[in-house]
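The values are calculated or read from the model by the stated rules, or taken from the named source; none is laboratory data. Small disclaimer: the values here were computed from a predicted structure and weren't measured. Because the Cβ atoms are built from the backbone with ideal geometry, glycine has one as well, and the counts that use them run over all protein chains shown.
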Amino acid sequence: MLVRNGGEAFCIDSPIFPDELEILPAIAEQSDFSIVGVLATHADWDHLLGGLAFPGAPLGAAENTAARLINEPGAAQRALRDFDDEFYVTRPKPLSLPGAQQLPVPGHIDIGAETLELHPADGHTADGMAVWVPWARVLVAGDYLSPVEIPMLSPGGGAAAYIATLNRLEPLVEQADHVVPGHGGPIDGTRALAILREDRAYLEALQRGEDAPLPIARRTKAQRAIHASNIKPR
Ligand SMILES: [Zn+2]
């Protein structure tokens, strides 16, 4: 998603398909969004493609995300290649990730005359941040609060950290006009709060060792596969 204040704009996370990435600079330009940087909520490959749309824009991320990029060299490129192979996607150029500037999390970064708030968001993975846009009352949640995906515990993540992140984000969600999740479209604050409560209940059931029922709107085959992975001993 793109966020602007005054003459500065950031691209937070990224679309993944080449046609979406190709059209993004034109959309930014038409809307008078001058992209000064690309932010990634975490180091999973599908959040790191902003540089393909805005080459030369510096990448900013939480310290633990920058560390993951250093400690897992080539991981994002390999995951991107696997995705592209599976879905027959070809790209005009390869993904280069020259390393991320570390942002203070929790902390703030300036944009135009305003600041974005950066909140720690780990649990889905070992790293991450959520971005609160105070003047627009928008929360950019990364891979939390998705209307289409149940909580996914990746290696390095865990239910306790995930629940702590949901608790940390809850007061922001309560004030939010919109929440922008990494998967699925933007949702209003009321729906996001309902999803937050469903996700917390699901994770608490996992912690109790119960076979947690999936939220009604997210019981697809793909979500059952994520659930099976979540309950696998790690
Ligand atoms: Zn992710």
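Among the candidates Arg137, Arg200, which residue alone is within 16 Å of Arg218 (Cα to Cα) and charged (D, E, K, R)? Please lay out each step first, then the result.
Working: Arg137 fails: within 16 Å of Arg218 (Cα to Cα).
Result: Arg200 is the single residue among Arg137, Arg200 that is within 16 Å of Arg218 (Cα to Cα) and charged (D, E, K, R).
Scan segment 187-222 residue by residue and report those that are surrounded by 14 or more Cβ atoms within 10 Å (Cβ to Cβ) and assigned to a loop (DSSP other than H, G, I, E, B).
Across segment 187-222, the qualifying residues are Ala212, Leu214, Pro215.
Among residues belonging to segment 15-46 that are under 13 Å from the mean Cα position of the chain (by Cα) and free of Cβ contacts under 8 Å to residues at least 60 places away in the same chain, point out the one that is farthest from the ligand (Cβ to nearest atom). Explain how you work it out, then say what you get.
Taking segment 15-46 as the starting set, the residues that turn out to be under 13 Å from the mean Cα position of the chain (by Cα) are 15-16, 38-46.
Filter once more, keeping what is free of Cβ contacts under 8 Å to residues at least 60 places away in the same chain: 15, 38, 45.
Details: Pro15: 14, Val38: 16, Trp45: 9 Å.
Only one residue tops the list, namely Val38.
Hey, any hits in segment 136-154 for a residue that's closer than 26 Å to Pro55 by Cα, within 15 Å of the ligand (Cβ to nearest atom), buried (at least 22 other Cβ atoms within 10 Å of the Cβ) and not small (Gly, Ala, Ser)?
yes
Which one is nearest to the ligand (Cβ to nearest atom) among residues in segment 157-179 that are under 19 Å from Ala61 (Cβ atoms) and either surrounded by fewer than 18 Cβ atoms within 10 Å (Cβ to Cβ) or aliphatic (A, V, I, L, M) (or both)?
Here the answer is Ala161.
Just the residues that are of a type in the set (Asp, Glu), more than 9 Å from Ile150 (Cβ to Cβ) and under 23 Å from the mean Cα position of the chain (by Cα), please, taken from segment 194-234.
Initial filter on segment 194-234 (of a type in the set (Asp, Glu)): 198-199, 204, 210-211.
Imposing the further condition that a residue be more than 9 Å from Ile150 (Cβ to Cβ) reduces the set to 204, 210-211.
Passing the criteria: only Glu204.
Output the residues belonging to segment 47-76 that are free of Cβ contacts under 8 Å to residues at least 24 places away in the same chain and either basic (Lys, Arg) or more than 13 Å from Ser96 (Cβ to Cβ) (or both). If you could, list the steps in order and put the result at the bottom.
So the first thing to find is which residues in segment 47-76 are free of Cβ contacts under 8 Å to residues at least 24 places away in the same chain, and the list is 55-56, 71, 73-74.
Within segment 47-76, Asn71 is the sole residue that qualifies.
Are any of the residues in segment 80-91 more than 17 Å from the chain's Cα centre (by Cα), modelled with pLDDT under 95, within 16 Å of the ligand (Cβ to nearest atom) and surrounded by fewer than 17 Cβ atoms within 10 Å (Cβ to Cβ)?
no
In this structure, does Ala66 turn out to be over 10 Å from Phe10 (Cα atoms), among the hydrophobic types (A, V, I, L, M, F, W, C), under 15 Å from the mean Cα position of the chain (by Cα) and within 14 Å of the ligand (Cβ to nearest atom)? Walk me through how you get there before you give the answer.
Details: over 10 Å from Phe10 (Cα atoms): yes; among the hydrophobic types (A, V, I, L, M, F, W, C): yes; under 15 Å from the mean Cα position of the chain (by Cα): yes; within 14 Å of the ligand (Cβ to nearest atom): no.
Considered against the rule, which asks whether it is over 10 Å from Phe10 (Cα atoms), among the hydrophobic types (A, V, I, L, M, F, W, C), under 15 Å from the mean Cα position of the chain (by Cα) and within 14 Å of the ligand (Cβ to nearest atom), Ala66 comes out as no.
Do you know which residues across segment 15-38 are in contact with a strand residue (DSSP E or B) (Cβ under 8 Å, 6 or more places away or on another chain) and in a loop (DSSP other than H, G, I, E, B)? Spell out how you get there, then give the answer.
Filtering segment 15-38 for residues in contact with a strand residue (DSSP E or B) (Cβ under 8 Å, 6 or more places away or on another chain) gives 24-25, 27-28, 31-38.
Within segment 15-38, Ser31, Asp32, Phe33, Ser34 qualify.
Applying the selection to segment 39-75, what residues are β-branched (Val, Ile, Thr), crowded, with 20+ Cβ neighbours inside 10 Å and not in a loop (DSSP other than H, G, I, E, B)? Full working, then the answer.
Residues of segment 39-75 that are β-branched (Val, Ile, Thr), as a first pass: 41, 65, 70.
Next, from what is left, pick out any that are crowded, with 20+ Cβ neighbours inside 10 Å: 41, 65.
Listed by number, the list holds a single entry, Thr65.
Has segment 92-103 got at least one residue that is modelled with pLDDT of 95 or more, farther than 14 Å from Ser14 by Cβ and more than 18 Å from the chain's Cα centre (by Cα)?
No, because not a single residue in segment 92-103 is modelled with pLDDT of 95 or more, farther than 14 Å from Ser14 by Cβ and more than 18 Å from the chain's Cα centre (by Cα).
Looking at (1) under 29 Å from Asn167 (Cβ atoms); (2) not in a loop (DSSP other than H, G, I, E, B), can you tell me which one Ala79 breaks?
(1)
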